[in-house]
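Every read-out reported here was derived from the displayed coordinates using simple, explicitly stated rules and does not represent laboratory data. No experiment lies behind these values; they were computed from the predicted model shown. We place every Cβ from the backbone using ideal geometry, glycine too, and count neighbours over all the protein chains shown.
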Amino acid sequence: MKCMYCGCLESKVIDSRLNEDGTSIRRRRECVNCGKRFTTYETIETTPILVIKRNGTRQALDVNKIKSGIIRACEKRPVPMAEIEKIVSDIEKHIHNSLEQEISSQQIGELVMEKLKSLDEIAYVRFASVYRQFKDINTFLSEIQDMMKKNK
């Protein structure tokens, strides 16, 4: 590893630790030339997953967009941030475990709605109303009636 202070290509590892979620290793290194210490991180290289939008364009998967959508749906609801983080993590794992390099935004939306339905029905309806682009009150009511039938 190249020293950031003197440019020497040799260093020794002093300490290695896993980060909290086990996805990277933090290494404390010491340059053999100048003796200064620096930190490096080793992570798994992943292939980017592309999201196919409704209009056909593709963009890299951004889990922060999923998270912000869920946060908006759960606004002013008694949903702990830890639950939102867990949902986002579960969805991200599901997407990566599918081994597909492309996923449609509709599939992601369905995954989010599936998770929100069991977490908070109001947040689910909020998310569904934006995601499914309810055109009028009748569409909205039919979704709520479907939920009520399933709960009985």
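Values as computed for the structure displayed
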quantity: Vicinal HN-Hα couplings computed from phi for segment 114-123 (Karplus, 6.51 cos²θ - 1.76 cosθ + 1.60; Hz; Gly/Pro x); calculated: 4, 6, 5, 4, 7, 8, 7, 5, 5, 4
quantity: Amide H partners (placed H, <5 Å) of ILE49, local residues excluded; calculated: LEU61
quantity: GLN145 versus ASP21: modelled label distance in nm, points set 7 Å from Cα along the beta carbon direction; calculated: 4.1 nm
quantity: Counted charge near ILE25, where neighbours are those whose Cβ lies closer than 15 Å (Asp, Glu -1; Lys, Arg +1); calculated: 0
quantity: Residues with amide H under 5 Å from that of LYS36, placed H, sequence gap 5 or more; calculated: CYS31
quantity: Spatial separation of Cα centroids for segment 47-97 and segment 111-133, in angstrom; calculated: 12 Å
quantity: With Cα atoms, 0 to 90° folded angle of helix 63-73 axis to the chain main axis; calculated: 40 degrees
quantity: Net charge over other residues, Cβ less than 12 angstrom from the Cβ of THR39 (K, R count +1; D, E count -1); calculated: +4
quantity: Taking all pairs of distinct alpha-carbon atoms in segment 51-124, Kirkwood radius in angstrom; calculated: 12.7 Å
quantity: Listed residue pairs exceeding 21 Å between alpha carbons, taken from LYS65/LYS150; LYS12/LYS36; LYS53/LYS117; LYS67/LYS93; calculated: LYS65/LYS150; LYS53/LYS117
quantity: For segment 35-43, 3J(HN,Hα) per residue [Karplus equation, 6.51 cos²θ - 1.76 cosθ + 1.60, θ = phi - 60°, Hz, x = Gly/Pro]; calculated: x, 6, 10, 8, 10, 10, 10, 10, 10
quantity: Karplus 3J(HN,Hα) series, Hz, for segment 6-14 with 6.51 cos²θ - 1.76 cosθ + 1.60 (x for Gly, Pro); calculated: 10, x, 4, 8, 10, 8, 10, 7, 9
quantity: Dipole magnitude of the chain, debye to nearest 20 (Cβ charges: Lys/Arg +1, Asp/Glu -1, about Cα centre); calculated: 320 debye
quantity: Alpha-carbon Rg with Dmax, taken over the chain, Å; calculated: 22.2, 73
quantity: Between 0 and 90°, nearest 10: helix 81-97 axis offset from the chain longest Cα axis; calculated: 80 degrees
quantity: Those GluC sites (Glu not before Pro) in segment 92-152 that DSSP places in a loop and that have at most 13 other beta carbons within 10 Å; calculated: GLU100
